[in-house]
1. Just name the residue that is nearest to the ligand (Cβ to nearest atom) out of those in the range 208-236 that are of a type in the set (Lys, Arg) and either assigned to a helix (DSSP H, G or I) or modelled with pLDDT under 95 (or both).
2. What number goes with the only condition from (1) in contact with a helix residue (DSSP H, G or I) (Cβ under 7 Å, 6 or more places away or on another chain); (2) surrounded by fewer than 21 Cβ atoms within 10 Å (Cβ to Cβ); (3) assigned by TED's automatic domain parsing to the domain that holds residue 67; (4) not small (Gly, Ala, Ser) that residue 140 does not pass?
3. Would you check which residues across the range 283-295 are out of contact with any Pro (no Cβ under 9 Å at 6 or more places or on another chain) and closer than 24 Å to residue 185 by Cα and list them?
4. Here are some conditions: (1) open to solvent by less than 60 Å² (accessible area, probe 1.4 Å); (2) within 20 Å of residue 197 (Cα to Cα); (3) part of a loop (DSSP other than H, G, I, E, B). Residue 246 meets all but one. Which one does it not meet?
5. Among the residues of the range 290-313, which ones are over 21 Å from residue 178 (Cα atoms) and in a loop (DSSP other than H, G, I, E, B)?
6. Of these, 299, 270, which one is more than 16 Å from the ligand (Cβ to nearest atom), open to solvent by 70 Å² or more (accessible area, probe 1.4 Å), within 17 Å of residue 171 (Cα to Cα) and of a type in the set (Asp, Glu)?
7. In the range 25-60, how many residues are within 14 Å of residue 83 (Cα to Cα) and polar (S, T, N, Q)?
8. I'd like the residue in the range 64-100 that is part of a loop (DSSP other than H, G, I, E, B) and over 23 Å from the mean Cα position of the chain (by Cα) and, out of all such residues, is surrounded by the most Cβ atoms within 10 Å (Cβ to Cβ).
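The values are calculated or read from the model by the stated rules, or taken from the named source; none is laboratory data. Since this is a predicted model, take the numbers as computed values, not measurements. Methodologically, a virtual Cβ is constructed for each residue, glycine included, from the backbone with ideal geometry; neighbour enumeration extends over all protein chains shown. We work out accessible area using only protein heavy atoms, side chains counted, and drop any ligands, DNA or RNA first. Shrake-Rupley method; radii C 1.70, N 1.55, O 1.52, S 1.80 Å.
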Amino acid sequence: MNWKRALLTDSGGFQMSPLLHLADITEEGVTFQSPVDGKPMLLTPEESIHIQNNIGADIIMALDDVVKTTITGPRIEEAMYRTLRWIDRCIAAHKKPDVQNLFGIVQGGLDPVLRDICVKGLVERNLPGYAIGGLAGGEDKDSFWRVVAQCTAGLPENKPRYVMGVGYPLDIVVCSALGADMYDCVYPTRTARFGTALVPEGVLKLKQNAMATDERPIDPTCSCMVCKKYTRAYLHCLVTKDAMGSQLLSYHNLSFMMRLSRDLHMSILEGRFPEFVRGFLRVQFPKGDVPQWVRNAMEVAGIDISECCASTKCLTPSIDEQPPLPIPVEANGGVPN
Ligand SMILES: [Zn+2]
């Protein structure tokens, strides 16, 4: 890859979950059909760590037993306890703890008692970082942020806390307010493939007819290569005809996410994070229709956003509220990028 900067590899646990009709989880590991020749393959915690040791990323993830947050019943509890048993097998198999950081993953669905057991169990193992897993799978937003808040509160403040599979710019701002440090998501590139660009106000749909004659860049405040060189009209022409359009939108969207992260990070270092949050919300919700779950989360985070919110009395649910990410199976049957 010739990539000289920080690198993270995932264990394969999450990547198995969309393939569950082809996979079988037992105490030993995950058996699945090879996407190449259809033969059964077994991914164990030891094999996942072995592969990740060979790749050599700076951060490697434990193999966990992932279940969707929207299911209920004993399977959630089984997966959480199995994730705790597997972390010990991952730790034992990890051959390069001096140069590669093994992160544990908190499971437990939406059940605060199970999440608490998992957080405590992982913290006892004194890992270099911790992830909050099993979210962004279609649960309601209030359940989502409450799990994040509970886990960040129980995980050590001096170690990275990583919310897996998140997310939308708004989710990243909210989770950061709740103490999270790291994220990953296919959203910026996937939404680009649908012709959607991320902008400070929300999203810009380049396929819309109105874009055909719009000579402005995607985002006049963005300094990325795409915004410097191309008009919305040109990109509209591309995204309605040619795969190159989604590549240019991906470039801009990743640039947008990096700028958002950098600005967010700087505001924390400079002690003005609450003002950053208010500025972000003012631009995203100029009418003051900040969703109720965001208001609830900010109250718990201790950030006063009352100036960004219209009175709750006249508040109707925002029609722009983004849907949960779909199960990440691409048309070609491959796993998500
Ligand atoms: Zn741009």
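1. Going through the qualifying residues, I end up with 228.
2. Of the numbered conditions (1) in contact with a helix residue (DSSP H, G or I) (Cβ under 7 Å, 6 or more places away or on another chain); (2) surrounded by fewer than 21 Cβ atoms within 10 Å (Cβ to Cβ); (3) assigned by TED's automatic domain parsing to the domain that holds residue 67; (4) not small (Gly, Ala, Ser), the odd one out for residue 140 is (1).
3. Matches in the range 283-295: 290, 293, 294, 295.
4. Among (1) open to solvent by less than 60 Å² (accessible area, probe 1.4 Å); (2) within 20 Å of residue 197 (Cα to Cα); (3) part of a loop (DSSP other than H, G, I, E, B), the lone unmet condition for residue 246 is (3).
5. 310, 311
6. One residue alone meets the criteria, 299.
7. 3
8. 94
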